[in-house]
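Asker: Below is one structure. I have some questions about it.
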Amino acid sequence: MQFHDYIQYDGLGLADLVRRGEVSPAELLAAASSRADEVNGKLNAIIRRYDERAQQRLKHGFQAEQPFAGVPFLIKDLFQEWEGVPCGWGNRQHARNPAPLTSDVVRRWNEAGLVIFGATNSPEFGARNVTEPLACGPTRNPWDTSRTPGGSSGGSASAVAAGIVPVAGANDGGGSIRIPAACSGLFGLKAGRGRISMGPLAAEGLFGAAVQGVLSRSVRDTAAMMDLLQGPEPHAPYWMPPPEQPYLQAITRPPKTLRIGYSTISPTGTPVDAQAVAATQDAVKLLSALGHHVEEVKLPFDGEQLSADFLMTWSCAQAMLIDELGRVEGLKPTDFEPDTQALAAVGRTVSAPELLACLERWHLHTMDLARFHTQFDFWLSPTLSAPPIPIGALTTPPALHLVNKVMSGLGLFGVIRKTRFFRDIILKNLAWTPYTPLANLTGRPAMSVPLYWTPEGLPLGVQFVGGVNSEVLLLQLAAQLEQARPWFDKRPKL
């Protein structure tokens, strides 16, 4: 199978070709591997290959009932472990150790017939909204290789947008599925809390804020992935009830007439690019033409407080990860990136009562959103405040690394953290992605839909945040939008 044929199909389409005997899994893997060999040097999307394991996978054969039988696939190098091979979490030292267990999602992907042949790049611990780890170098956007595909699932987004695979593993703890989807012209759904297991190596990610998922070129691929990933595991702390019917079946029906409230103002009060506003207004016109009721609303939550609570929790998580990897694997503080060390230093100044109070405020943010959802089905916003930014735009200057090191050594982060100056730094750091953390802290489903390209030809998605257990309705709307404004054939010239 040649690339010009391979790229015409989504994952389910390729699996159907295999099922009908029109193409073999070996031919699909060859097409995917050839495309990876051709473009990965320009993109740095795949940082580890599992070619030998993939070849062994082909020898075991596939069953007709497997939804993705023989389809090439990539997992993310972050919390998507495959026993016996490294999962580095964007850290050079941690990548030296093979994973002791297979993640539930990776096991389910294997059971679904996918042929995993590599792992995609991720920032260290997934803690940045761009994919530029020091361990592996920056991943580039196929639409413009001088720009980022976003993070933290930027490697997966770059690979899917470039046509290496039709769908790839991703996860989202603050926007890490939706941000790369918006940057790369892809569809990205963040499932609700408890929908997909994070086990067995973790009970839940970041108090339930982080969830597993995929990035795809078609809505139906994501729907099928939701069908195979959702559902309980014996070690999960909790789970959501299953949908009344499979997601893939549900998207064959259009959604009900929806009430959608939209905002374009940044939750952090920072500037919003005119193109982000234009993307949202364009979506409003399309939704109205489809018969939905859409109106502009005030922000349904306290954006500044939510942003502060988001970063407080993340800083504590970085401190915990550094300490845990030091205890278990003997890693030293210098084995981590300076940005990670600085964020962890902030986290170490947070007391247990402060962290618990922060988590209690998560509930207040959830109440705010729940009140909004008594009147509206979805909150619509830009996914990003601006188009994909240049590689290196968010790189911390060396001088600031030195300042951070000195402040950490003198124990000053605890004092500075409580100042308005520090809060302004927080808001600046989230200025490009101020809309996405809401769904993570509240545990609600959300999606980024690729409806808009800038005059320069850059993708810029829009975000929908739903209420509890609204994955079916989100997917139905996404399928309706996909039919009204198809994006599958929009591909970068790479």
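The values are calculated or read from the model by the stated rules, or taken from the named source; none is laboratory data. Small disclaimer: the values here were computed from a predicted structure and weren't measured. Using ideal geometry, Cβ is built from the backbone for each residue, glycine included, and neighbour counts are taken over all protein chains shown. For accessibility, only protein heavy atoms count, side chains too; no ligands or nucleic acids. Shrake-Rupley method; radii C 1.70, N 1.55, O 1.52, S 1.80 Å.
Asker: For Val105, Val18, give me the order by solvent-accessible area with a 1.4 Å probe, most accessible first, ignoring ligands, DNA and RNA. Provide the component values of the computation, followed by the final result.
Answerer: Numbers: Val105 5, Val18 25 Å².
The ranking, largest first, comes out as Val18, Val105.
Asker: Another question, then. Can you check what the Kirkwood hydrodynamic radius comes to for the stretch 384-494, Cα pairs only, in Å to one decimal?
Answerer: Details: mean 1/r = 0.0568 Å⁻¹.
About 17.6 Å for the stretch 384-494.
Asker: Something else now. Starting from the stretch 426-494, pick out the GluC sites (Glu not before Pro) whose DSSP state is loop and whose Cβ has at most 13 other Cβ atoms within 10 Å.
Answerer: Details: sites: Glu456, Glu471, Glu482; in loops: Glu456.
Those satisfying the criteria are Glu456.
Asker: Explain nothing, just compute: Karplus ³J(HN,Hα) = 6.51 cos²θ - 1.76 cosθ + 1.60, θ = phi - 60°, for every residue of the stretch 430-442 in order, whole Hz, x for Gly and Pro.
Answerer: Using θ = phi - 60°, the values come out as 9, 4, 7, 10, x, 8, 7, x, 3, 5, 6, 5, 8 Hz.
Asker: Sorted by average packing, counted as other Cβ atoms within 10 angstrom per residue and highest first, what order do 259-269, 137-147 take? Don't jump to the answer; show the numbers that get you there.
Answerer: Values: 259-269: 19.4, 137-147: 21.8.
The densest-packed peptide leads the list: 137-147, 259-269.
Asker: Oh, and also: Rank Met198, Met1 by accessible area, highest first, at a 1.4 Å probe radius?
Answerer: Working: Met198 25, Met1 60 Å².
Largest accessible area first, the list is Met1, Met198.
Asker: Provide Tyr6, Tyr238 ordered by accessible surface of protein heavy atoms (probe 1.4 Å), highest first.
Answerer: Numbers: Tyr6 5, Tyr238 90 Å².
Ranked from most to least accessible, the order is Tyr238, Tyr6.
Asker: Residues with amide H under 5 Å of Arg147's amide H, sequence separation 5 or more or different chain, H placed in the peptide plane at 1.01 Å from N; which?
Answerer: Those qualifying (amide H under 5 Å, at least 5 residues apart or on another chain) are Asn141, Ile391.
Asker: Sticking with this one: Quick check: Cα centre of the stretch 136-151 to Cα centre of the stretch 273-294, how many Å?
Answerer: 27
Asker: Additional query: Please name which of Ile389, Ile322, Gly150 has its Cα lying farthest along the dipole of the chain towards the positive end, using unit charges on Cβ (Lys, Arg +1; Asp, Glu -1) and the Cα centre as origin.
Answerer: Final value for the positive-end residue is Ile389.
Asker: Here's another thing I want to ask about it. So, counting K/R as plus one and D/E as minus one, what does the shell of residues with Cβ under 15 Å around Pro180 add up to?
Answerer: Working: positive: Lys76, Arg128, Arg140, Arg147, Arg178, Lys190, Arg217; negative: Asp77, Glu132, Asp144, Asp172.
It works out to a net charge of +3.
Asker: Here is a further query. Would you please report the Å³ per residue occupied by the convex hull of the alpha carbon atoms in the chain?
Answerer: Details: hull volume 66.2 nm³, N = 494.
Residue-normalised Cα hull volume stands at 134 Å³.
Asker: Tabulate in residue order the Karplus-calculated ³J(HN,Hα) for the stretch 36-49, using 6.51 cos²θ - 1.76 cosθ + 1.60 with θ = phi - 60°, rounded to whole Hz; enter x for Gly and Pro.
Answerer: 4, 4, 6, 10, 5, x, 8, 10, 6, 7, 9, 10, 8, 9
Asker: Here's a follow-up. Can you list, bin by bin at 10 Å, the percent of alpha carbon pairs in the stretch 264-403, starting at 0?
Answerer: Cα pair-distance distribution for the stretch 264-403, in percent: 9, 26, 30, 22, 10, 2.
Asker: Please give the per residue accessible area of the chain, computed with a probe of 1.4 Å over protein heavy atoms only, in Å².
Answerer: Value for the chain: 38 Å² per residue.
Asker: Distance from the Cα centre of the stretch 55-97 to that of the stretch 1-42, in angstrom?
Answerer: The distance from the Cα centre of the stretch 55-97 to that of the stretch 1-42 comes to 17 Å.
Asker: Follow-up question, since we're still on this one. On the protein heavy atoms, probe 1.4 angstrom, tell me the percent of accessible surface of the chain carried by carbon and sulfur. Could the numbers behind the result be given before it?
Answerer: Details: 10580 of 18850 Å².
In the chain, the share of accessible area belonging to carbon and sulfur is 56 percent.
Asker: Something else: Which peptide among 159-167, 201-209 comes first, and what is the full order, when sorted by highest mean count of other Cβ atoms within 10 Å?
Answerer: On the way: 159-167: 28.8, 201-209: 17.8.
Top to bottom by mean Cβ count within 10 Å: 159-167, 201-209.
Asker: Using every pair of alpha-carbon atoms in the stretch 194-283, split the distances into 5 Å bins beginning at 0 and state the percent of pairs per bin, rounded to integers.
Answerer: The distribution over the stretch 194-283 is 2, 11, 15, 13, 15, 17, 14, 9, 3, 0, given as percents.
Asker: Still on this structure, please answer the following. Roughly speaking, what is the centre-to-centre gap between the stretch 200-231 and the stretch 317-366 when only Cα atoms are used, to the nearest Å?
Answerer: The two parts, judged by their Cα centres, are 24 Å apart.
Asker: Just tell me which lysines come within less than 22 Å, Cα to Cα, of Lys298; anything on the same chain fewer than 8 places away is out.
Answerer: Lys285, Lys428
Asker: Got a number for the accessible area of Glu81? Probe 1.4 Å, square angstrom, nearest 10.
Answerer: Accessible area, nearest 10 Å²: 10 Å².
Asker: Hey, if you put +1 on the Cβ of every Lys and Arg and -1 on every Asp and Glu Cβ in the stretch 143-284, which of Ala210, Met226, Ile251 ends up farthest toward the positive end of that dipole?
Answerer: Of Ala210, Met226, Ile251, it is Ile251.
Asker: Placing one identical point scatterer on every Cα of the stretch 1-138 and ignoring solvent, what is log10 I(q)/I(0) from the Debye formula at q = 0.17, 0.21 Å⁻¹?
Answerer: -0.94, -1.26
Asker: So for the stretch 334-485, taking the charge dipole from beta-carbon charges (+1 Lys/Arg, -1 Asp/Glu), which of Asn429, Leu477, Ala357 sits furthest toward the positive end?
Answerer: Checking the options against the dipole of the stretch 334-485, the answer is Ala357.
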